[in-house]
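Quick notes on the structure that follows.
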Amino acid sequence: MLNYLWAFMILTGIIYGCFHGTMAEISNAALDSAKEAVNLCITMLGVMSFWTGLMQIAQKAGIIASLTQKITPFLRFLFPSLRNEQRALEYISTNVIANILGLGWACTPAGLKAMEEMRQIQLRCGKNPDIASNEMCGFLILNISSLQLIPVNMIVYRSQYGSVNPTAIIAPAILATSFSTLAGILFLKIADARSRRHNY
Amino acid sequence: MNLANVLSNFSNIIIPLVIFYIVATGIANKVNVYDEFLEGAGDGMKTVVGIMPTLIGLMIAVGVLRASGFLDFLGQLLGRILVSFSVPAPIIPVILIKMFSSSAATGLVLDIFKTYGPDSNIGFLTSLIMSSTETIFYTMSVYFLAAKVKKTRYTLPGALIATLAGIVASFWIVGSIFG
């Protein structure tokens, strides 16, 4: 995907520049952007290391494990058919908490294991594993609704580009994310209820 | 107190509170907080170094596109179509590309920050939209491929609705902050 997108951006830029006499600007932009990317990474090194360092403490102090346990009842409400599937619930809650805390490295592995576990459940129930179960759809909608509470990356970018108050977006971002997650949850509950009425 | 005040007060205190809570809980649980911090920070550095090539590649691509004048051309084109919805034109490519790749969208976001500033109306809106949406198609393909699922049923409509809700909320919040 990115293969084509990247090639498209570079090639379109150069061809467009050919016809509009901006070739000199393009050469400068290519060099400047490379330099700028490295500058950005230097800012990011500080803030990201600070955040992952804190999260390492949170993990050792048992904060992440206890949060993971605390949301299980909520997950039982979202996915009633997984009520007794301890392992699937565990993977899902690890993924959700990692997502909320912005631990990108931790959410994908747990999420993939959750999907694999739900696939096993499908097979065990004698359903076609090629078709996503309600729980799989719901889990992905929840993931895509964006759960991250503190947008660490955006704060870094804002501070790099001279924002007076880079963290000013935290509360608005939490509010906006709650709306998208709420809409996602509403949708997945309605879709789940509807499909049950039609199929069972 | 209006919404803007509440939000800005909350934004100011949350980071110190989180730091305090984590370090205090760590000490209470007899964690070697400083050693653990250093270890975690080291991992974070590796992550950033890992994404550095991606960032360089994408910022060059966006830089080339911007310098050629193509982005302005695209902006004017979209601007004419979207003027009736009062959606700022530079936001549209961000929203579209964010569905496929977060890092590619980041390139465009940085361009917006450079042009308009992160504290401008449009810079703030972009920050919010990026924070409240996810890479729909990327996430779906990774997860469903791993589970060998071929029919994704109502996942895409649900994901689109959640994304739309996030975007609408971002517009509303920015509208009420900037008045």
TODO: Among the numbered conditions (1) over 27 Å from B:Ala28 (Cβ atoms); (2) surrounded by fewer than 20 Cβ atoms within 10 Å (Cβ to Cβ); (3) facing another protein chain (nearest Cβ under 7 Å), tell me where A:Gly62 comes up short.
DONE: (1)
- [ ] Considering only residues that are of a type in the set (S, T, N, Q) and over 30 Å from the mean Cα position of the chain (by Cα), look in the stretch A:27-41 and name the one that is farthest from the other protein chains (Cβ to nearest Cβ).
- [x] A:Ser27
- [ ] Please find, among A:Leu147, A:Leu175, the residue that is touching a Ser or Thr at 6+ places or on another chain (Cβ under 9 Å), assigned to a helix (DSSP H, G or I) and within 9 Å of chain B (Cβ to nearest Cβ).
- [x] A:Leu175
TODO: Give the residues of the stretch B:132-154 that are under 17 Å from A:Ala110 (Cβ atoms), part of a loop (DSSP other than H, G, I, E, B) and of a type in the set (S, T, N, Q), sorted by residue number.
DONE: none
TODO: Confirm whether B:Phe113 is farther than 19 Å from A:Asn39 by Cα, at the interface with chain A (Cβ under 10 Å from one of its Cβ atoms) and of a type outside the set (S, T, N, Q).
DONE: no
Task: Residue count, the stretch B:164-176 (criterion: farther than 27 Å from A:Ala193 by Cβ and within 7 Å of chain A (Cβ to nearest Cβ)) - done: 2
- [ ] Take the residues in the stretch B:8-60 that are of a type in the set (Gly, Ala, Ser) and more than 7 Å from chain A (Cβ to nearest Cβ), then tell me which one is farthest from A:Ala65 (Cα to Cα).
- [x] B:Gly50
Open item on the list: Pull out all pairs, ordered by first then second residue, where Cβ-Cβ is under 6 Å, the residues are six or more apart or on different chains, the first lies in the stretch B:136-163 and is facing chain A (nearest Cβ under 7 Å), and the second is loosely packed, with under 15 Cβ neighbours inside 10 Å.
Closed with: B:Lys150/A:Asp130; B:Lys151/A:Ile131
Task: Leading residue by the ranking (surrounded by the fewest Cβ atoms within 10 Å (Cβ to Cβ)) among those in the stretch A:150-172 that are aliphatic (A, V, I, L, M) and assigned to a loop (DSSP other than H, G, I, E, B) - done: A:Val164
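Values quoted throughout were computed directly from the atomic coordinates according to the rules given, and no laboratory measurement underlies them. All values derive from a computational prediction rather than experimental measurement. Every residue, glycine as well, gets a Cβ built from its backbone with ideal geometry; the counts of neighbours run over all protein chains shown.
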